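Q: Let me begin by handing over the structure; questions about it come next.
What follows is calculated from the coordinates using simple rules that are stated; it is not laboratory data. Nothing here was measured: the structure is a model prediction, and the numbers come from that model. For neighbour counting, all protein chains shown are included, and Cβ atoms are generated from backbone atoms with ideal geometry for every residue, glycine included.
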Amino acid sequence: MVWGGVASETLQLNEDTLWTGTPGNYTNPKAPEALTEVRKLVDDGKYAEATEAAVKLSGDPSDVYQLLGDINLEFDDSHLNYAEETYSRELDLDTATVRIKYSVGDIEYTREHFASNPDQVIVTKISASKSGSLSFTVSLDSKLHHGSHVNGKNQIVLEGSCPGKRITPKFLSINENPKGIQFSAVLDLQISGDRGVIHVLDDKKLRVEEADWAVLHLVASSSFEDPFTKPSDSKRDPTSESLTASNSIRNLSYSDLYAHHLDDYQNLFHRVSLQLSKTEHQNSVPGALLLFKAINELLLRISRNHLELTTTERPKTSNELAASKSW
């Protein structure tokens, strides 16, 4: 998720396998008994009571999906003075690319983001139209239990864990909640070779100064093995896997990664196209008005059908049919 801020930007990160809890049996042993009760209430025509009793059919609450974290970008205060009429944010469905553009004075800033399936990486390119005008700070954060540090001169490593229980008991602190699935994310930062410099801040952030452009690679992994393996029994090392994945694409240029992404995505997206031709005769009724009238007619038909259904006699149950035959 790209929020599209100007002086500060947030990219919300997801990893498919991040959930709270551990493998378990979430079935309800009392469900068959509850089902018998619900069926009897329905047969007796007591629908409100049947709806209330149906709650007993539910099993124990399942565990919940967790967000991995955020990429945080902080730009200079001068970006607060951007020209509002120059700001644009778009999601290009043809290329599956998010673009943010705006101008500060005579400098145009552009950010491009895409998630590549073949290379399993989220890629961001930030550029300025004037040489040496790009400066910003980047960091990784998470609402889950985590820690982060700078690795080398241009890499940030985020390590954390999901809660071992969906709801932390009141008598347990966050740190005492048993650890669940472990995860790791690695952000690799590259800047224009002839201009710019990278500084390390507090061993947690990277600061880019006076660059032409910057490219960020974000890869992530977790300790999830399968639905039946407890997190504590997992043999996977998400940090090692993420570092290996990051190193495998480090020598690929932005153009290479973008080409891989487009080839993979457009082979699917371009299977179908929709073209709307223009009519020869201009309709005097605006299209929005025609659509409004069509929606009104559709709602009228739906409400009429609903009224007819609710006023017809309810189909008899098997018990009622048997009783009528006995007479």
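Q: State to the nearest 20 debye the size of the charge dipole of segment 1-156 about its Cα centre, where the only charges are +1 on K and R beta carbons and -1 on D and E beta carbons.
A: Approximately 280 debye in magnitude.
Q: Below 8 Å between Cα atoms, with a sequence gap of 6+, how large is the relative contact order for the chain in percent?
A: The value is 15 percent.
Q: A further question on this structure: For LYS56, list the aspartates and glutamates whose Cα falls under 12 Å from its own Cα; do not include residues on the same chain fewer than 8 positions away.
A: List returned: GLU33, GLU37.
Q: Let me ask you something else. If I take every Cα pair under 8 Å that is 6 or more residues apart in segment 14-91, average their sequence separation and divide by the length, what percent do I get for the relative contact order?
A: Across segment 14-91, relative contact order equals 41 percent.
Q: Something else now. What's the Kirkwood radius of the chain in Å, using all Cα pairs?
A: Hydrodynamic radius (Kirkwood, Cα pairs) of the chain is 25.1 Å.
Q: Just to verify a number: FRET efficiency for GLU33 and LEU91, C-beta to C-beta distance, R0 = 45 Å, to 0.05?
A: 0.35
Q: I'd like to know which of VAL272, HIS261, ALA214 lies farthest towards the positive end of the charge dipole of the chain, counting +1 on Cβ of Lys and Arg and -1 on Cβ of Asp and Glu.
A: Final value for the positive-end residue is VAL272.
Q: Taking Rh as the Kirkwood radius computed over C-alpha pairs, what is the Stokes-Einstein D of segment 101-168 at 37 °C in a medium of viscosity 0.692 mPa s, expressed in µm² per second?
A: Once the numbers are plugged in, D ends up at 212 µm²/s.
Q: Is there a quick way to get the dipole size of the chain? I mean about its Cα centre, with the Cβ of Lys and Arg at +1 and of Asp and Glu at -1; what is the value in debye to the nearest 20?
A: 1160 debye
Q: Using 26 Å as the Cα-Cα cut-off, could you pick out the over-long pairs in LYS205/LYS235; LYS165/LYS204; LYS143/LYS165?
A: As for pairs spanning more than 26 Å Cα to Cα, those are LYS205/LYS235; LYS165/LYS204.
Q: Something else about it: What's the percent breakdown of Cα-Cα distances in segment 185-234 across 10 Å bins, shortest bin first?
A: With 10 Å bins starting at 0, P(r) equals 21, 33, 19, 16, 11, 0.
Q: Taking amide H atoms as placed 1.01 Å from N in the peptide plane, list the residues 5 or more away in sequence, or in a different chain, whose amide H sits under 5 Å from that of ASP141.
A: Result for ASP141 returns ASP70, ASN72.
Q: Within segment 100-132, report the chymotrypsin sites (Phe, Trp or Tyr not before Pro) that DSSP leaves as loop and that have at most 16 other Cβ atoms within 10 Å.
A: none
Q: Then there's this: Run the quick spin-label model on SER62 and SER277: label points 7 Å from Cα toward the beta carbon, then report their separation in nm to one decimal.
A: My value for the distance between the label points is 4.7 nm.
Q: Any idea how far apart VAL42 and GLU225 come out in nm if each label point goes 7 Å out from Cα toward Cβ?
A: 4.2 nm
Q: Here is a follow-up. Considering the dipole of segment 1-83 built from charges on the beta carbon (Lys and Arg +1, Asp and Glu -1) around the Cα centre, which of ASN25, VAL6, LEU80 is farthest to its positive end?
A: Positive-most Cα among the choices belongs to ASN25.
Q: Something else: Mean Kyte-Doolittle hydropathy of 0.5 or higher plus an axial Cα length of 27 Å or more: which whole DSSP H helices in the chain meet both?
A: 287-311
Q: Using only the Cα atoms of segment 35-98, build the gyration tensor, take square roots of its eigenvalues as a ≥ b ≥ c, and label the shape rounded, prolate or oblate: rounded if a/c is under 1.5, else prolate if a/b is larger than b/c, else oblate.
A: Verdict is prolate for segment 35-98.
Q: Follow-up. How would you order 128-135, 29-36 from highest to lowest mean count of nearby Cβ atoms within 10 Å?
A: Put in order of decreasing packing, that is 128-135, 29-36.
Q: Let me ask something else about it. Kindly rank 85-96, 1-12, 268-279 from highest to lowest mean number of other beta carbons found within 10 Å of each residue.
A: In descending order of packing, they fall as 1-12, 85-96, 268-279.
Q: I'd like to know which of THR95, ILE126, SER62 lies farthest towards the positive end of the charge dipole of segment 19-166, counting +1 on Cβ of Lys and Arg and -1 on Cβ of Asp and Glu.
A: With unit charges placed on the Cβ atoms, the residue in question is SER62.
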